[in-house]
Amino acid sequence: MIRYHITSRNPSSHYFDVSIQIDTPDPAGQQLRLPNWIPGSYMIRDFARNLLDLQASSAAGELAIEQIDKSNWRVAAATGAVTIEYKVYAKDLSVRAAHLDHSHGYYNGSSVFLEVVGQGDRPCEVLIEKPDARYCEAWQLATSLRRKQANAYEFGLYEAQDYDDLIDHPVEMGTFKRIAFDACGVPHDIILTGRFECDEARLAADLKTICEYHIRFFGEPAPMDYYQFQVMVVGEGYGGLEHRASTSLIASRASLPKPGQTKVDDDYRDFLGLCSHEYFHTWNVKRIKPAVYQPYDLQAEVYTDLLWAFEGITSYYDDLALRRCGLIDSESYLELLAQTMTRVQRGLGRRRQSAAESSFNAWTKFYKQDENASNAIVSYYAKGCLIAACIDLKMRALTTSQKSLDDVMRQLWQAYSKQGQGVDPDSIQQRVSEIAGQDLAPFLDELIYGTGELPLAELLESVGIDVLRRVAKNAQDKGGKDAEGELPAVDLGAVLKDGEAGIAIQRVTEAGSAQSSGLSAGDQIIAVDGLKLNLGQLEQRLLRASPGDSWQLHAFRRDELHCFDVILQAAEENTFVLKITDRQQAARKAWHES
Ligand SMILES: [Zn+2]
């Protein structure tokens with residue numbers, strides 16, 4: 001048993017105070033290490049950079065510590081138990097690390113708990129003690145970690161079966177709002193932190209609907225006996241990270257359902273989609289996972305070309321589940337799918353990088369995007385979602401809706417729950433072909449390893465949906481809906497935003513009008529044809545322009561003013577709208593209502 005203790009002697013300093021008692025340390029000197037990344041977020045984050053004041057002692061006194069590398073230490077050999085003490089600076093308000101101030105505390109175990117190397121499979125207990133400050137008196141605690149000696153939602157003693165379990169249950173402490181519901185007999189809690197207004201009964205009812213859909217999709221019983229949604233409510237923000245029996249989310253105040261509001265607006269739909277996404281991960285990636293993640297090596301990058309399946313298939317089912325459980329209608333679901341098609345279509349990177357390559361290079365490309373990202377890479381989330389749609393629709397078309405991607409996911413779940421089987425690059429492909437009753441290898445290879453256009457128009461036709469294409473109206477146009485008013489015939493080939501010193505160019509399209517004239521991301525446009533203008537006025541000018549027209553454009557690059565002659569190119573039809581027809585109603589119903 002490894003005994004951890006965590007508290008804070010001064011939360012305003014943003015320090016967690018951690019200690020570890022190791023009863024039987026390695027006689028040759030105990031090695032300790034901290035993860036460099038957190039499962040679900042594929043980037044080296046070097047959590048050890050926040051670790052301070054590391055000390056070790058035994059009954060005989062202080063022990064020397066040798067640092068081996070950025071995240072590994074060795075304590076001098078000792079007889080009897082060893083105690084380790086350190087601080088962790090916690091001021092990252094994201095779902096991936098730790099945060100502590102006078103208003104609340106939050107941590108992922110991977111940011112705060114050193115692993116006792118060689119004893120990672122031993123059971124752990126952790127005494128989580130209320131921080132020692134007047135303003136923490138009313139604090140409570142929320143975690144999916146098992147209670148050993150603690151009252152529900154209180155500080156006390158918690159336990160984990162091993163280190164991997166210990167770091168997969170984030171902890172929230174503070175004066176949060178708790179909303180309870182039950183899904184297929186499993187107790188669930190929503191823990192809301194921050195300032196917000198929310199129709200609690202509606203939120204609980206809607207999440208119950210989603211959770212029960214997913215549990216029944218994979219088959220009862222659910223793989224966890226308790227589940228927690230931890231939501232940090234902020235002004236602006238969006239994101240989530242999945243865990244085996246909980247998820248940590250960051251959501252904007254506007255995305256919660258307001259009291260008295262009855263319809264699912266776009267913001268609330270996004271929030272429900274996020275909850276649905278993380279909950280689907282309880283099966284897909286937290287349990288069904290790439291074989292190379294069994295177990296995780298959290299010291300260095302672990303490469304897989306399967307993130308398109310774990311994030312993409314999850315991204316496909318998150319919104320589809322909202323449709324299938326009746327929270328949104330088919331039009332609303334197809335609007336979301338068309339927006340994903342639009343996102344992929346607008347990046348030239350789709351022609352350079354396959355979904356498999358995007359997965360493999362997540363560490364250095366997807367997670368480290370710069371202003372050229374849309375020209376260089378494709379998202380394994382967005383393209384993965386569209387690949388999942390292609391596979392699902394293809395299987396349905398070949399089997400008159402008798403078989404689908406749903407069967408593939410259930411079979412992967414069975415293989416995991418019976419044999420703990422991990423997923424190899426070929427296992428998804430083989431199952432798709434087997435279940436569809438036809439060799440789909442060439443079709444699947446092109447989707448996953450190819451960079452050609454996806455056959456979505458033809459596949460959506462098989463469920464009676466027409467794919468329409470048009471040009472983008474302006475920077476806010478995400479696609480999915482008919483455009484109102486006029487559309488421009490030209491495209492500047494740049495993503496723009498009103499800035500303080502002019503119109504800021506955030507990205508340029510490779511070989512587009514802006515780049516061809518010499519403009520670059522980071523430039524600040526101040527005038528077109530000698531006249532000062534803002535983004536709204538520039539969009540108005542674009543509406544009146546024709547392909548081939550020339551503009552003289554002034555822009556600052558750093559502190560130097562430059563003049564550019566821009567020849568406007570024709571706008572590309574890169575924006576999708578999906579329309580339901582009266583054809584193939586049975587196939588569409590089977591897809592949307594199963
Ligand atoms: Zn995800």
How would you order 35-47, 399-411 from highest to lowest mean count of nearby Cβ atoms within 10 Å?
35-47, 399-411
For HIS277, what accessible area in Å² do you get when you roll a 1.4 Å probe over the heavy atoms of the protein chains, rounding to the nearest 10?
20 Å²
Rounded to a whole number, what % of the accessible area of the chain do carbon and sulfur atoms account for, probe 1.4 Å?
46 percent
Above-threshold pairs, the threshold being 31 Å between Cα atoms, out of LYS208/LYS403; LYS87/LYS368; LYS365/LYS473; LYS87/LYS286; LYS258/LYS478:
none
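Let a ≥ b ≥ c be the square roots of the eigenvalues of the Cα gyration tensor of segment 295-390; is it rounded (a/c under 1.5), or, if not, prolate (a/b larger than b/c) or oblate?
Oblate shape, in that a/c is at least 1.5 and b/c is the bigger or equal ratio.
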In the neighbourhood of ALA78 defined by beta carbon distances under 15 Å, the net charge of the other residues (Lys, Arg +1; Asp, Glu -1) is -4
Please label the shape of segment 1-58 as rounded, prolate or oblate, based on the square roots a ≥ b ≥ c of the eigenvalues of the alpha-carbon gyration tensor (a/c under 1.5 means rounded; beyond that, a/b larger than b/c means prolate, else oblate).
oblate
Going by alpha carbons, how many degrees (0 to 90, nearest 10) lie between the helix axis of 405-419 and the longest principal axis of the chain?
20 degrees
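Output the relative contact order of segment 414-525, whole-number percent, from Cα pairs under 8 angstrom with separation of 6+ residues.
12 percent
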With VAL566 itself left out, Lys, Arg at +1 and Asp, Glu at -1 over residues whose Cβ is under 14 Å from its Cβ give -4
Given the whole protein assembly as supplied and a 1.4 Å probe, what does the accessible area of ASP23 come to in Å², nearest 10?
60 Å²
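With a probe of 1.4 Å, find how much accessible area segment 374-515 has per residue, and write the answer as a whole number in Å². Please report the intermediate quantities before stating the final value.
Numbers: 6280 Å² over 142 residues.
For segment 374-515, the solvent-accessible area averages 44 Å² per residue.
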Helix 313-324 sits off the longest principal axis of the Cα atoms of the chain, rounded to the nearest 10 on a 0 to 90 degree scale, by 70 degrees
Sparse-neighbourhood loop hits (trypsin sites (Lys or Arg not before Pro), segment 421-527; DSSP loop; Cβ within 10 Å at most 15 others) -> LYS481
For the chain, what is the mean residue ellipticity at 222 nm derived from helices alone (per DSSP H run of n ≥ 4: -39500 (n - 2.57); sum divided by total residues; nearest 500 deg cm²/dmol)?
-8000 deg cm²/dmol
Nearest 10, in degrees from 0 to 90: the angle of helix 266-281 to the longest Cα principal axis of the chain is 50 degrees
I want the local charge near PRO257. Using Cβ-Cβ distances under 11 Å, sum +1 for each Lys or Arg and -1 for each Asp or Glu among the other residues.
-2
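Tell me, what is the percent relative contact order of the chain, built from C-alpha pairs under 8 Å that lie six or more residues apart?
Relative contact order for the chain comes out at 10 percent.
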Protein chains only, probe 1.4 Å: how do ARG96, ARG202, ARG147 rank by accessible area, largest first?
ARG147, ARG96, ARG202
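The values are calculated or read from the model by the stated rules, or taken from the named source; none is laboratory data. The structure presented is a predicted model; accordingly, all values stated were derived computationally and were not measured. Virtual Cβ from ideal backbone geometry, glycine too; neighbours counted across all protein chains shown. Note: areas computed on protein heavy atoms with side chains; ligands, DNA, RNA excluded. Shrake-Rupley method; radii C 1.70, N 1.55, O 1.52, S 1.80 Å.
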